[in-house]
1. Hey, does the range 274-287 have a residue that's β-branched (Val, Ile, Thr), over 14 Å from residue 146 (Cβ atoms) and open to solvent by 40 Å² or more (accessible area, probe 1.4 Å)?
2. Could you list, in sequence order, the residues of the range 100-123 that are more than 15 Å from residue 290 (Cβ to Cβ) and open to solvent by 40 Å² or more (accessible area, probe 1.4 Å)?
3. From the list 216, 179, exactly one residue is charged (D, E, K, R) and assigned to a helix (DSSP H, G or I). Which is it?
4. For the range 170-189, what are the residues that are more than 45 Å from the chain's Cα centre (by Cα) and surrounded by 11 or more Cβ atoms within 10 Å (Cβ to Cβ)?
5. Quick one: which of 126, 92 is under 22 Å from the mean Cα position of the chain (by Cα), more than 25 Å from residue 294 (Cβ to Cβ) and crowded, with 16+ Cβ neighbours inside 10 Å?
6. Out of the range 69-86, which residues are among the basic types (Lys, Arg) and assigned to a loop (DSSP other than H, G, I, E, B)?
7. Are any residues in the range 129-157 open to solvent by 60 Å² or more (accessible area, probe 1.4 Å) and assigned to a helix (DSSP H, G or I), and if so, which ones?
8. For the range 90-103, what are the residues that are out of contact with any helix residue (DSSP H, G or I) (no Cβ under 6 Å at 6 or more places or on another chain) and either within 10 Å of residue 50 (Cα to Cα) or assigned to a loop (DSSP other than H, G, I, E, B) (or both)?
Amino acid sequence: KNQAETQAVSLASIAISNKLDVKTFEKQYRDHLSSFHEWDQKDHAESWMLFPHNLGSSLAIDETELTNGELYTIVTNKAAHGKKGALVAMVEGTKADVVAAVLCRIEAMKRRMVIEVTLDLSPAMEAIVRTSFPAARITSDRFHVQQLVSEALQEIRVALRREALKAESVAIIKARNEKTVFVPRVHANGDSDKQLLARSRYVLFKPESRWHESQKERALILFEKFPNLKHAYNLSMQFRSVYENCTDKVTAKEKLDTWYRNIEMSAIEAFETPMMSVKAHEDTILNYFVDRSTNAAAESFNAKLKGFRAVVRGVRDKRFFLFRVAMLYG
């Protein structure tokens with residue numbers, strides 16, 4: 001019983017190691033060996049679970065898919081580092097009023113002791129935090145923000161690759177009609193335009209200082225061939241440098257303003273949407289530079305849940321699965 005309730009282990013593996021029938025053991029554990037039927041949250045567990053005693057000063061909030069596309073909003077205490085005591089609340093769905101109503105079951109004075117909550121760029125998550133933890137500083141996760149800019153850069157690369165594919169297809173058809181052999185033009189490193197753009201995906205994610213020799217060669221060719229992509233890459237790295245080099249909100253704000261101006265002067269359409277998103281969430285983005293907090297704890301906890309789900313081979317009995325989650329992390 002202790003092993004099953006304190007570790008993410010499969011009941012099936014315990015049964016097999018003890019030469020017991022798996023289905024019989026699972027049923028015996030649920031109905032007799034565990035405290036499942038005496039669990040005080042059993043009746044509402046599928047809708048919400050709440051653990052007020054796990055509330056801490058620094059929280060993370062995120063959504064995760066439990067099973068069959070069902071989303072749950074999860075609030076965790078960062079101080080527990082993903083172990084027992086990490087789970088503060090787990091609520092079915094992502095509706096701000098529903099989740100906030102559950103969190104507001106916690107005494108108001110305790111909720112006002114929360115100093116900071118980290119989250120992604122979801123308006124619903126932000127609304128939940130503002131209602132439930134009115135005194136908390138809201139910090140947008142650095143990596144979700146950076147992803148917006150990185151995706152814009154990759155969007156430009158993919159569009160150029162589509163053009164290269166189209167040009168190559170036209171050349172192949174032309175050669176076939178002329179009864180000649182199509183020979184693609186290649187660059188000094190052996191890449192055609194299509195290959196150059198396909199193989200540059202990871203080059204564009206990294207700063208120049210982290211390129212190895214073949215990536216340096218590929219980038220040199222890429223940027224000479226596609227100067228607009230070079231300009232977009234520089235804008236992406238400029239945004240990244242805000243996070244890496246700024247140590248306070250004032251400096252970060254100045255750097256962001258410079259980045260906005262550079263995007264406006266560049267007229268690169270793909271960057272307009274991420275720029276507007278950054279402007280819209282600027283206050284919570286700048287809060288990162290107070291303690292450099294991220295939402296990694298929430299992402300890590302979600303990974304633990306998915307790992308546990310894999311260990312127990314899926315969620316056949318959702319209420320019992322949630323009971324085990326509560327025993328492990330609640």
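1. We begin by selecting, within the range 274-287, every residue β-branched (Val, Ile, Thr); these are 278, 284-285.
Filter again for over 14 Å from residue 146 (Cβ atoms), leaving 284.
Filter once more, keeping what is open to solvent by 40 Å² or more (accessible area, probe 1.4 Å): none.
No, the conditions are met nowhere in the range 274-287.
2. The answer is 101, 104, 105, 107, 108, 109, 110, 112, 113, 123.
3. Details: 179 fails: assigned to a helix (DSSP H, G or I).
Unique residue meeting the criteria: 216.
4. Residues satisfying the conditions are 174, 175, 176.
5. Residue meeting the stated conditions: 92.
6. Hits for the range 69-86 are 83, 84.
7. Applying the first criterion (open to solvent by 60 Å² or more (accessible area, probe 1.4 Å)) to the range 129-157 yields 130-131, 134, 143, 147, 151, 155.
130, 131, 143, 147, 151, 155, listed by residue number.
8. At the first step, the residues of the range 90-103 found to be out of contact with any helix residue (DSSP H, G or I) (no Cβ under 6 Å at 6 or more places or on another chain) are 90, 92-93, 95, 97-98, 101-102.
If the condition is that a residue be out of contact with any helix residue (DSSP H, G or I) (no Cβ under 6 Å at 6 or more places or on another chain) and either within 10 Å of residue 50 (Cα to Cα) or assigned to a loop (DSSP other than H, G, I, E, B) (or both), then 90, 95, 102 are the ones that fit.
The values are calculated or read from the model by the stated rules, or taken from the named source; none is laboratory data. All of these numbers come straight from a predicted model, not from anything done at the bench. Note: ideal-geometry Cβ built from the backbone for every residue, glycine included; neighbour counts use all protein chains shown. With ligands, DNA and RNA removed, areas are computed over all heavy atoms of the protein, side chains included. Shrake-Rupley method; radii C 1.70, N 1.55, O 1.52, S 1.80 Å.
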